[in-house]
Each structure stands twice: as C-alpha cells, then as structure tokens.
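Asker: Below: one structure in structure tokens.
The values are calculated or read from the model by the stated rules, or taken from the named source; none is laboratory data. For clarity, every value in this text was computed on a predicted model and none was experimentally measured. Here the Cβ is made from the backbone with ideal geometry for all residues, glycine too, and neighbour counts use every protein chain on show.
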Amino acid sequence: MEALRQIAPALDAVALLARVHVAPDSEDADAFTALVDQAREVARPKALYAEAFVEGRGDDTIRIDGITFTSRMLRHKLAGVERVFPYVATCGHELDGVALPAGDVLAQFWWDAIKAELLAAARAHLLAHLTDRFRLGQTARMSPGSGDADVWSIEQQRLLFALLGGVTPSIGVILTESCLMIPNKTVSGLLFPTEHDFRTCQVCHRESCPNRTAPFDAAVWQSLRES
C-alpha cells in the first residue's frame, strides 16, 4: 500500500468560473474567486493504492489477495488479468473543515465544484504515477456502486477497503455504514490493464447521472450479461 499525499492542488479560477457559469466581471466572480483562494490554502488532495494479484475465479466471483469479490461483470473484465491496482482518490478531508456561510446554497454548490476539481487532480496524479511506475499501457477501472445495481454492488466497497487496509489513517477517507465515502468527492475502485477501453458508465442506465463519462452501450451491456 502506498499513499500519495504530495499532490499539487491545481485550481484554475478562470476555468472554474466558466464551469459554474459565473461571469468573470460579476460580483459572484469575486465571491467565487475568494472561495478558490481559500481552498488553495487548505487543499490536500490525496490517493492510496496497492498492487494486488488475482488468486482465483468462480462463475461470478474473483479472489484478489485473499478477498473474494462477487460481480459477474468484474469477473468477466478481469478474465486473463493477473495484476490489479485497488485505489482510493480524494479531494482531501481538509476542505470539509472549512466553515461556509450558513444557509448559502450557492456557496455550497461552488465549494463542491472546487472539491470536484481537486478530486480530478488526485485521480490524474494517481494514474500518472501508476502508469510511470508500473509501465502500464491502456487501463480500465471498475468501482463498487458504479453502473447499474447488479454490475458491482456498492456494499462491496467494504471489501475494497479491506483489500487496501488503513484507508482512514492513511488519507482520511471514511467509509460510512451505507458504504458512502467521506469526503463526498472521493472515488475508489480497481484499475487494471486492458486491450479495450471500458468504463462502468457504459453499463449504467442512469442517463441523468452528473458524473457520466461515457454513454450507455447496449452491446457491451448484453455481452457482459451473457458472459
């Protein structure tokens, strides 16, 4: 297990203003930029990963470093894969300690946008680190709770955290009883080498999901269900 804590908090105020649809010369722009400056002072995006190995496979299960995950689609996507990289990446818990104006819904929305940008920086840093250190080519990833409910259940988040070990003391991410992660701008999953691009969004029917990175692919969905 290795924690990546020295991640530069890349926050481009101009780009973020455009993302939250705030005019650069408006009063809102001044308030938003002040939040960006505040975030720069405290932000500590982080990531945690481990190198793990597949030890066994069942019809709809796969055992990785002694922990058995249940997901027919995960089992299918890891066919022929021997090494995987479980990970957690986060915007950093430090931002949750900042007191925003009480009842200011707009400030909360802006703060979440800033946190999302910091999470993106953590994910990009993690991928670059893994690619360089392990000489990875094309990769794909799957995450518990991403995609339709029967793709890989969110309850398996507990097993992923157990596989990594020490997530909270290492990078401050807390897994709740309902298997959500705190801070809210945190992602987890398994990254693995692949010859074909794959994202769990391709097998998710939730069209309105704000985090969608790829359209639903009926052919991919059907092929995985028949595997």
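Asker: Does THR70 qualify as being in contact (Cβ under 8 Å) with a residue 24 or more places away in the chain and under 30 Å from VAL42 (Cα atoms)? Lay out the reasoning, then the answer.
Answerer: Working: in contact (Cβ under 8 Å) with a residue 24 or more places away in the chain: yes; under 30 Å from VAL42 (Cα atoms): no.
No; evaluated as a whole, the condition is false for this residue.
Asker: Checking the conditions here, which among ARG135, ARG83 is of a type in the set (D, E, K, R) and either touching a helix residue (DSSP H, G or I) at 6+ places or on another chain (Cβ under 8 Å) or at pLDDT 95 or above (or both)? Give the steps one after another, and end with the answer.
Answerer: Working: ARG135 fails: either touching a helix residue (DSSP H, G or I) at 6+ places or on another chain (Cβ under 8 Å) or at pLDDT 95 or above (or both).
So the residue among ARG135, ARG83 that is of a type in the set (D, E, K, R) and either touching a helix residue (DSSP H, G or I) at 6+ places or on another chain (Cβ under 8 Å) or at pLDDT 95 or above (or both) is ARG83.
Asker: Does PHE161 meet the test of being in a strand (DSSP E or B), among the hydrophobic types (A, V, I, L, M, F, W, C) and surrounded by 20 or more Cβ atoms within 10 Å (Cβ to Cβ)? Working first, answer last.
Answerer: Values: in a strand (DSSP E or B): no; among the hydrophobic types (A, V, I, L, M, F, W, C): yes; surrounded by 20 or more Cβ atoms within 10 Å (Cβ to Cβ): yes.
No: the conditions fail for PHE161.
Asker: Another question, if that's okay. For PHE109, only one of the following conditions fails: (1) surrounded by 13 or more Cβ atoms within 10 Å (Cβ to Cβ); (2) of a type in the set (Phe, Trp, Tyr); (3) in a helix (DSSP H, G or I). What is its number?
Answerer: So PHE109 meets the others, but not (1).
Asker: Identify the residue in the stretch 66-99 that is part of a loop (DSSP other than H, G, I, E, B) and surrounded by 15 or more Cβ atoms within 10 Å (Cβ to Cβ) and, among all such residues, is farthest from the chain's Cα centre (by Cα).
Answerer: We begin by selecting, within the stretch 66-99, every residue part of a loop (DSSP other than H, G, I, E, B); these are 66, 71, 78-82, 91-92, 98-99.
Right, trim to surrounded by 15 or more Cβ atoms within 10 Å (Cβ to Cβ) and you get 71, 78, 81, 91-92.
Values: SER71: 19, LEU78: 19, VAL81: 21, CYS91: 10, GLY92: 12 Å.
Checking each candidate, the answer is VAL81.
Asker: Just name the residue that is surrounded by the most Cβ atoms within 10 Å (Cβ to Cβ) out of those in the stretch 29-65 that are of a type outside the set (A, V, I, L, M, F, W, C) and touching a residue at least 60 places away in the same chain (Cβ under 8 Å). I'd like the intermediate steps shown before the answer.
Answerer: Here is the first cut: in the stretch 29-65, the ones of a type outside the set (A, V, I, L, M, F, W, C) are 30, 33, 37-38, 40-41, 44-46, 49, 51, 55-61, 63, 65.
Then drop every residue that is not touching a residue at least 60 places away in the same chain (Cβ under 8 Å), which leaves 38, 45-46, 49, 51, 65.
Values: GLN38: 15, PRO45: 30, LYS46: 25, TYR49: 20, GLU51: 14, ASP65: 16.
This residue is PRO45.
Asker: Answer yes or no as to whether ASP112 is at pLDDT 90 or above and of a type in the set (Asp, Glu). Outline the logic, then answer.
Answerer: On the way: at pLDDT 90 or above: yes; of a type in the set (Asp, Glu): yes.
Judged against the criteria, ASP112 is a match.
Asker: Could I ask something else about it? Would a scan of the stretch 135-144 turn up a residue that is out of contact with any Lys or Arg (no Cβ under 6 Å at 6 or more places or on another chain), assigned to a helix (DSSP H, G or I) and within 25 Å of ILE174 (Cα to Cα)?
Answerer: No, the stretch 135-144 has no match at all.
Asker: Identify the residue in the stretch 100-139 that is under 30 Å from LYS77 (Cβ atoms) and among the small types (Gly, Ala, Ser) and, among all such residues, is farthest from the chain's Cα centre (by Cα). Can you show your working first?
Answerer: Of the residues in the stretch 100-139, the ones under 30 Å from LYS77 (Cβ atoms) are 115-139.
Still in the running and among the small types (Gly, Ala, Ser): 116, 120-122, 124, 128, 137.
Details: ALA116: 10, ALA120: 8, ALA121: 11, ALA122: 9, ALA124: 10, ALA128: 15, GLY137: 20 Å.
Across the stretch 100-139, the extreme among qualifying residues is GLY137.
Asker: Take the residues in the stretch 141-153 that are at pLDDT below 90 and aliphatic (A, V, I, L, M); name whichever of them is surrounded by the most Cβ atoms within 10 Å (Cβ to Cβ).
Answerer: Once the filter is applied, the top-ranked residue is VAL151.
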